[in-house]
Amino acid sequence: MRVLLVGAGGVGTAVTRIAARRSFFEAMVVADYDPARAEAAVAAVDDARFVAERVDASDESAVTALLQRHDCDVLLNATDPRFVMPLFRAARAAGAGYVDMAMSLSHPHPERPYAECGVKLGDDQFARAEEWEKAGALALVGMGVEPGLSDVFARYAADELFDEIEEIGVRDGANLTVDGHDFAPSFSIWTTIEECLNPPVVYEADRGWFTTEPFSEPEVFDFPEGIGPVECVNVEHEEVLLVPRWVDARRVTFKYGLGSRFIETLRTLRLLGLDRTAPVTVPSADGPVAVSPRDVVAACLPDPATLGERMHGKTCAGTWVRGTKDGAAREVYLYHVVDNQWSMKEYGSQAVVWQTALNPVVALDLLATGAWSGSGVLGPEAFPARPFLDLLNAYGSPWGVREQ
């Protein structure tokens with residue numbers, strides 16, 4: 001397998017460090033808009049299979065040419081969701097496969113944003129599913145940790161743990177702290193703003209997909225391995241759009257453990273218009289400059305990839321499932337916990353970005369060996385879960401199941 005990795009930020013760099021320990025690929029081209037980031041990621045692994053390139057992820061023709069020049073079989077997208085569609089189209093144009101960790105952006109309903117869906121996460125990609133299927137090519141979408149591993153857990157629960165499922169609820173929580181920062185998101189603030197301030201989506205079998213107010217339906221969820229109880233709220237996330245396509249469940253939700261200070265900060269950004277992506281014109285010494293308010297917020301905060309040395313605690317991604325097995329009620333939580341101290345010592349990557357990066361590498365490994373195969377635009381739920389979970393253990397990062 002020959003891979004083009006686009007994006008050498010925190011997640012992309014962690015991908016290189018995880019992949020360098022595996023033998024399933026013969027080459028990985030690491031490309032970024034900032035060539036210094038790509039070169040640093042390649043230099044750190046000291047492996048001849050890795051080479052650095054510069055590419056603008058929004059330039060489809062340039063990405064297509066890069067795929068073809070290096071004869072890449074698959075494009076792994078480690079950029080933020082703004083670049084999903086140009087990279088997705090570039091992969092198809094080059095005849096390569098495609099894997100991402102976040103799907104094409106949503107657009108709220110123009111009249112009833114907190115009741116009805118407009119353009120949903122992934123709609124733009126699924127609209128081209130027939131094209132991929134006819135070509136016999138695979139676009140594996142939403143293959144990070146959430147979405148990604150959480151979806152694999154949903155498929156595993158449906159196949160092996162339940163006869164009927166009432167609800168699948170992804171629950172994400174952590175007890176991470178960062179020395180010296182009152183507000184320092186452990187993941188891309190651009191993506192965090194997008195998913196937390198957009199109308200959350202809920203799925204119900206008799207109603208389909210619908211939306212609610214941001215931060216709705218608060219609940220306290222008790223996370224394992226010492227993290228403990230964290231208040232979680234509804235957030236827009238791909239699992240709610242992916243799971244019902246392949247797994248039979250009466251209800252699907254996603255709730256994120258944010259904390260009251262984080263929620264109030266996000267609400268303030270919305271109040272001030274600093275969550276907007278459309279450029280605004282501001283004066284400068286060299287004349288008026290057009291800048292995106294959200295990009296300014298991102299520039300003012302520390303890069304999540306640099307926080308590992310000052311970060312403490314654990315992060316947990318998991319899928320809570322309620323239903324019946326052999327006629328009896330059952331409730332479980334399937335989970336994956338990463339301790340930041342361990343990930344920093346073992347890989348030099350902070351826990352959240354490492355956990356995100358691990359899963360697409362496992363998926364590429366399965367695709368390279370043929371354990372997973374398919375064509376079209378498919379989510380993780382479309383594939384058997386057991387090979388993935390077994391390989392996750394083999395990568396030295398075990399998962400767990402807790403009866404509730």
Quiz item: Within the set of pairs 6+ apart or on separate chains, which have a first residue in segment 118-146 that is on the phi > 0 side of the Ramachandran plot and surrounded by fewer than 19 Cβ atoms within 10 Å (Cβ to Cβ), a second that is at pLDDT 95 or above and part of a loop (DSSP other than H, G, I, E, B), and C-beta atoms under 7 Å apart?
Solution: Gly136/Ser375
Exercise. Return the residue satisfying two criteria in turn: it lies in segment 239-268 and is within 24 Å of Arg402 (Cα to Cα) and of a type in the set (D, E, K, R), and of such residues it is nearest to the chain's Cα centre (by Cα).
Key: Glu239
Exercise. Being assigned to a helix (DSSP H, G or I) and either closer than 22 Å to Val243 by Cα or among the aromatic types (Phe, Trp, Tyr) (or both) is the filter; apply it to segment 73-110 and report the residue that is nearest to the chain's Cα centre (by Cα).
Key: Pro81
Practice problem: Go through the residues of segment 276-297 one by one and say whether even a single one is surrounded by 23 or more Cβ atoms within 10 Å (Cβ to Cβ) and modelled with pLDDT under 95. | Solution: no
Quiz item: Does segment 373-386 contain any residue that is of a type in the set (Asp, Glu) and in a helix (DSSP H, G or I)?
Solution: yes
Quiz prompt | Leading residue by the ranking (surrounded by the most Cβ atoms within 10 Å (Cβ to Cβ)) among those in segment 89-101 that are over 15 Å from Leu5 (Cβ atoms) and touching a residue at least 40 places away in the same chain (Cβ under 8 Å) | solution = Arg92
Quiz item: Inside segment 18-49, can you point out the residues that are surrounded by 14 or more Cβ atoms within 10 Å (Cβ to Cβ), over 21 Å from the mean Cα position of the chain (by Cα) and over 28 Å from Trp372 (Cα atoms)?
Solution: Pro35, Glu39, Ala40, Ala44
Exercise. Check every one of the helices (runs of 4 or more DSSP H) wholly within segment 125-231 and list those with 3 or more residues that are more than 25 Å from Trp246 (Cβ to Cβ) and polar (S, T, N, Q).
Key: none
Quiz item: From the list Ala317, Ala305, which residue is surrounded by 13 or more Cβ atoms within 10 Å (Cβ to Cβ), touching a residue at least 24 places away in the same chain (Cβ under 8 Å) and out of contact with any strand residue (DSSP E or B) (no Cβ under 6 Å at 6 or more places or on another chain)?
Solution: Ala305
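The values are calculated or read from the model by the stated rules, or taken from the named source; none is laboratory data. Values in this document were obtained by computation on a predicted structure and should not be read as measured data. Counting neighbours? That spans all protein chains shown, and the Cβs are built from the backbone with ideal geometry, glycine included.
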